[in-house]
1. Using the Karplus curve 6.51 cos²θ - 1.76 cosθ + 1.60 with θ = phi - 60°, what ³J(HN,Hα) values do you get for each residue of the range B:173-189, in whole Hz, with x for Gly and Pro?
2. Just how large is the dipole of chain A about the Cα centre, in debye to the nearest 20, putting +1 at every Lys and Arg Cβ and -1 at every Asp and Glu Cβ?
3. How far is the Cα center of the range A:2-61 from the Cα center of the range B:11-27, in Å?
4. What does the helix-only formula give at 222 nm for chain B: each DSSP H stretch with n ≥ 4 adding -39500 (n - 2.57), the total divided by the residues, and the result rounded to the nearest 500 deg cm²/dmol?
5. Please give the contour-minus-distance gain from A:SER236 to A:ALA23: 0.36 nm per residue of separation, less the Cα-Cα distance, rounded to one decimal in nm.
6. Compute the signed sum of charges (Lys and Arg +1, Asp and Glu -1) over the other residues within less than 13 Å, Cβ to Cβ, of A:ARG41.
7. Out of B:PHE88, B:PHE149, B:PHE162, any idea which swings most in a Gaussian network model of chain B, alpha carbons joined below 10 Å?
8. Please state, to two decimals, what the Cα-based radius of gyration of the range A:160-224 comes to when divided by 2.2 N^0.38 Å (N = residues).
Amino acid sequence: MVAAGLAFAFIALPLIGLLSEVAWSRLWHDLTTTEAAAALRLSLVCSLAAAALAFALGVPLAWVLARFEFPGRAAVRALTLLPMVLPPVVGGVGLLYAFGRTGFVGARLDEWFGIHLTFSTAGVILAETFVALPFLVITVEAAFRGLDRDLEDAAATLGASRRTVMRRVTLPVAGPAIAAGVALAWARALGEFGATITFAGNIQGRTRTVPLAVYLFLQSDPEVAIALSLVLVAVSVGVLTALRGRWLVR
Amino acid sequence: MSLTATVRVRQGEFDLDVDLSVADGEVLVVVGANGAGKTTLLRSIAGLLPIDAGVITVDGVVVDNGDRVSVIPEARSVGYVFQDQRLFPHLSALENVAFGLAARGVPIDDARVRARQELDAFGVGESADQAPGDLSGGQAQRVALARTFVTEPQVLLLDEPFTAVDATARPSVRAVALARAESIGCVTVLVTHDLADAPILETPVIELVNGRVARRGRAADFSSK
């Protein structure tokens with residue numbers, strides 16, 4: 001019982017510490033300073049883009065993992081989930097040597113299309129997608145596995161093509177789980193720090209997202225750092241509440 | 001319309017080895033204990049389960065020969081009423097019934113009109129806007145029947161379609177279903193535990209035991225036993 005109390009306190013105390021330091025009267029002012037607002041705007045755009053990209057790529061991958069047996073499926077799944085446990089900095093280093101200017105993909109992108117991902121907003125989106133994708137895949141794969149296959153069979157006997165079955169039965173029935181996966185991926189993308197700073201750098205208005213700004217402001221202007229932290233806490237609590245509510249998990 | 005099926009399916013330890021034929025407009029009743037292979041048989045005719053050997057023809061056209069030919073379920077014109085309905089949980093009763101027509105390219109407004117008529121025919125018109133989760137077992141079963149009948153398939157596969165309907169309503173639901181099958185002119189394979197589901201005493205019946213046809217006869221022969 002004591003250990004349980006300690007565990008809870010361990011989680012709760014940092015939050016209380018953060019909340020006790022918030023300058024509530026100046027909160028709005030702190031959040032609307034040029035630098036803070038730029039970070040918030042950038043974070044919103046990048047995390048939403050990363051969540052969308054994770055959705056577009058992750059749902060098909062989850063589908064393949066859930067429905068097709070092929071050699072090496074376990075290895076593919078393990079590799080897909082790796083970013084969940086991989087230190088984000090290491091992920092950033094990996095991204096650098098794949099998509100960086102001298103990386104084997106990045107060099108081609110530069111050569112053929114003149115695209116540079118490092119130190120760009122697109123690079124932030126890429127780094128955030130990298131860490132967020134597994135959260136979506138693991139959630140949606142479980143949903144596809146748990147789906148009643150007879151529903152799809154019923155749709156097929158009613159004359160629905162595979163595409164129609166997917167669009168009108170499979171995806172809507174798995175919809176709540178997909179929404180949960182997108183929400184998780186979005187929350188993870190929003191908080192991304194290590195891979196972002198390693199791969200995309202820390203340039204105001206271009207790659208300095210809220211977590212990077214928090215880290216920076218902690219040294220120069222702690223009040224703004226705390227205000228920005230509060231935003232991230234609020235979003236996390238919001239996502240968690242939504243996931244636990246009836247809206248997403250039935 | 002006619003159906004012939006020589007079906008061999010191996011599923012682990014279980015072997016299904018059945019041949020049957022249903023003539024134009026006829027109903028074939030299939031009885032047998034749980035695990036005798038009744039549902040496996042229906043699934044293979046529907047194309048949901050590929051057969052390992054044999055041949056299935058609908059109106060003389062081969063739809064599966066266990067080898068090269070295997071027509072996908074959506075192209076078979078086979079209607080299948082599942083034992084536990086399997087209504088789409090995210091669609092209303094009306095949208096469930098309109099689903100098949102819409103999937104076959106009927107404009108959605110026309111599909112809804114016909115879906116409503118079919119629900120009315122099965123006595124559940126007033127439940128049109130309800131979600132499947134809010135329907136009683138008997139109502140859900142009628143909606144499931146309407147959903148399949150509205151597509152007017154050439155072959156109708158019914159898996160215990162009246163079990164969920166309470167005993168007092170069963171004769172009327174059965175009468176509607178059999179009358180609709182007759183008006184469509186389809187062949188019907190009816191899996192049931194209750195020989196009273198057979199439309200007439202002359203209705204052909206097969207009994208499955210362990211994946212084999214143990215007995216063939218007429219409804220009258222089976223009920224008198």
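1. Ordered by residue, 3J(HN,Hα) equals 5, 4, 5, 4, 4, 5, 5, 5, 4, 5, 5, 6, x, 8, 8, 10, 10 Hz.
2. Dipole size: approximately 660 debye.
3. Cα centres, the range A:2-61 to the range B:11-27: 61 Å.
4. Per the formula, -9000 deg cm²/dmol.
5. 74.7 nm
6. +1
7. Ranking B:PHE88, B:PHE149, B:PHE162 by mean-square fluctuation puts B:PHE88 first.
8. Against the empirical 2.2 N^0.38 Å value, I get 1.78 for the range A:160-224.
Computed from the coordinates by the stated procedures, all read-outs in this text should not be read as laboratory data. All figures in this text were calculated on a predicted structure; none of them were measured in a lab. Every residue, glycine among them, receives a Cβ derived from its backbone with ideal geometry; neighbour counts consider all protein chains shown.
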